[in-house]
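The values are calculated or read from the model by the stated rules, or taken from the named source; none is laboratory data. Just so it is clear, the model here is predicted, and its values are computed rather than measured. Virtual Cβ from ideal backbone geometry, glycine too; neighbours counted across all protein chains shown. The accessibility values were calculated without ligands, DNA or RNA, using every heavy atom of the protein model including side chains. Shrake-Rupley method; radii C 1.70, N 1.55, O 1.52, S 1.80 Å.
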Amino acid sequence: MNRYFLKLAYKGTKFFGWQTQPNEPSIQEKIEGVLTKINSGNPIKVVGCGRTDTGVHASEYYAHVDIPTTIELQNLKYKLNSMLPLDIVVSAIIPVHSDAHARFDAEKRTYHYFIHKPKDPFIDDISWFRSLDLDLPLMNEACKLLLKHTDFTCFSKVKTDVTNFNCNIINAAWIPTEKGYVFMITSNRFLRNMVRAIVGTMIEIGERRMSLDDFQAVLDSKDRSKAGQSVPAQGLFLAKVDYPYIQ
């Protein structure tokens, strides 16, 4: 066995997230099923860089896998992409050291959340339609407050198995796009539902229903009920994952 990272991208619309679910389609289940077929029915397991929820996408995602030396790597990528659904693509198979771990070795992750203002049926499953104008300069002032904070209990799902709610947010910004807006955020780690809760709260700031002082009070509260509603899943993308040994 040799260990490799699979570099993936997927559209999560038809899937119940990355992680295998009972009786529901998932990205992990599809990839493991194809790898097992290629390996003559002998099971092959993959370990992902993190969990993405139902309907969430990834423009860059990594999973590690131990591949028997009997499988020819030059044909593996071709076979994977031939057999996987059109919603999933493997862009690279990268050799790594035997202890490399897709989840625990990730130094930082970047998420993007897309909002479109004009009604557009062609992007409705990869962006959230919201027609109201947003005050981006004010929302970017709120982003500066995020960078000064470390405990994000207020943006986490209540029922979660983490030992702490501390995250080091490295960058956060709202940027105008041709059809609306994109929120970009990078951190060493993220809590469950964190990005969608941040976006939902900042929407209230952008629509001037919440002040910056109110936003600071939400951050200090450590209370999920004080923050805004989570936005829908379809606008969220895992956009980049950084490792010390992958350029």
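Observations, loosely collected:
- Seen from all directions on average, the range 15-131 presents a Cα convex hull projection of 8.9 nm².
- Between helix 27-38 and the chain: long-axis angle, C-alpha atoms, 0 to 90°, nearest 10: 10
- Computed on the Cα atoms alone, the convex hull of the range 107-190 gives a volume of 124 cubic angstrom per residue.
- Gyration tensor (alpha-carbon) shape descriptor, the range 58-111, a/c threshold 1.5: oblate
- Under DSSP loop assignment and at most 13 Cβ neighbours within 10 Å, longest GluC sites (Glu not before Pro)-free interval of the chain: 1-71
- The residues of the chain expose on average 50 square angstrom of accessible surface per residue, using a 1.4 Å probe on protein heavy atoms.
- One Cα centroid belongs to the range 26-69, the other to the range 199-243; the line between them spans 31 Å.
- Distance cut-off 27 Å, percentage of C-alpha pairs in the chain lying past it: 40
- Total charge dipole magnitude, the chain, about the Cα centre, Cβ charges on Lys, Arg, Asp, Glu only, Debye to nearest 20: 280
- Quarter of the Cα convex hull surface for the range 73-151, i.e. its orientation-mean projected area (nm²): 9.5
- Full extension of the segment from ILE246 to THR177, taken as 0.36 nm per residue of separation minus the current Cα-Cα distance, would add 21.9 nm.
- On the range 59-104, 53 percent of the accessible area sits on carbon and sulfur atoms, based on a 1.4 Å probe.
- The range 188-247: radius of gyration and largest Cα-Cα distance (Dmax), Å: 14.1, 44
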